[in-house]
1. For the stretch 176-187, which residues satisfy the criterion of being open to solvent by 10 Å² or more (accessible area, probe 1.4 Å) and closer than 15 Å to N65 by Cα?
2. Against the conditions (1) closer than 20 Å to W62 by Cα; (2) open to solvent by 50 Å² or more (accessible area, probe 1.4 Å); (3) of a type in the set (F, W, Y), where does Y114 fall short? Just the number, please.
3. What residue, of Q42, Q31, Q22, is in contact (Cβ under 8 Å) with a residue 60 or more places away in the chain and surrounded by fewer than 16 Cβ atoms within 10 Å (Cβ to Cβ)?
4. Pairs under 7 Å by beta carbon, first residue without any contact (Cβ under 8 Å) to a residue 12 or more places away in the chain in the stretch 145-158, partner hydroxyl-bearing (S, T, Y) and open to solvent by 60 Å² or more (accessible area, probe 1.4 Å), six or more apart or different chains?
5. Are there any pairs, at least 6 apart or on different chains, whose C-beta atoms fall under 7 Å, with the first in the stretch 169-188 and over 21 Å from K60 (Cα atoms) and among the aromatic types (F, W, Y) and the second open to solvent by less than 70 Å² (accessible area, probe 1.4 Å) and part of a helix (DSSP H, G or I), and if so, which?
Amino acid sequence: MFLDSDDTLEKNACEEVALSFQEEIDLCIFQFKRQEGERQYQENSWFNRDLSLNLDEFEKLWIDNGGSNLINSLCNKAFRTEIFIQNFEENLKNIQERLLMAEDAIVSVSYLSYVKKVRLLNQSLYIYYVNENSTTQEKTNLSKIALCLQNLLFAINFLKHLPQIPLKSHNVFIGIAVCNLKIHYLDL
């Protein structure tokens, strides 16, 4: 699991994730909340119940529910260590770019190439604190925006050239993840 230094986990997060991994899964995805000042709200999600799915079923469910860009985030996931290391060794270790943005998408989407089974937990286990001054929220510093645009283009190109796996849904999945990054690029 990943935890940003300015965010928190619910008290039961690690236990709930550990219970999920008792089932033979490769990835656990859970809900999360956003905290903006005193206001906390549940992030809209594309799943609303606990499910265990093979990769093809998971990707079809994600696509059928709008292809949310939340799939790119690391904060709402727990990874199987040996698969995470394999993905790093085969896909990530030679990346020379120093990324401020889109590194989550590169890690999450490339990891899915190794996944056989996914567990979706309909529980908010992560609390994401919105920081108006963070790099991803910055809207006025032109040099930071230019760097973010460069990072997004790098991530788009990286994901387009990932090794293909034989699932049709996986190719569509990667295409939608790339489109989400392109939308973010245009938004910036």
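The values are calculated or read from the model by the stated rules, or taken from the named source; none is laboratory data. Predicted model, so just to flag it, every value in this text is computed and none were measured. As a convention, Cβ positions derive from the backbone with ideal geometry for all residues, glycine included, and neighbour counts pool all protein chains shown. Note: areas computed on protein heavy atoms with side chains; ligands, DNA, RNA excluded. Shrake-Rupley method; radii C 1.70, N 1.55, O 1.52, S 1.80 Å.
1. I176, N180
2. Going through (1) closer than 20 Å to W62 by Cα; (2) open to solvent by 50 Å² or more (accessible area, probe 1.4 Å); (3) of a type in the set (F, W, Y) one by one, Y114 breaks only (2).
3. Within the list Q42, Q31, Q22, the selection yields Q42.
4. If the second residue must be hydroxyl-bearing (S, T, Y) and open to solvent by 60 Å² or more (accessible area, probe 1.4 Å), no pairs are left.
5. Filtered contacts from the stretch 169-188: Y185/L149; Y185/L152.
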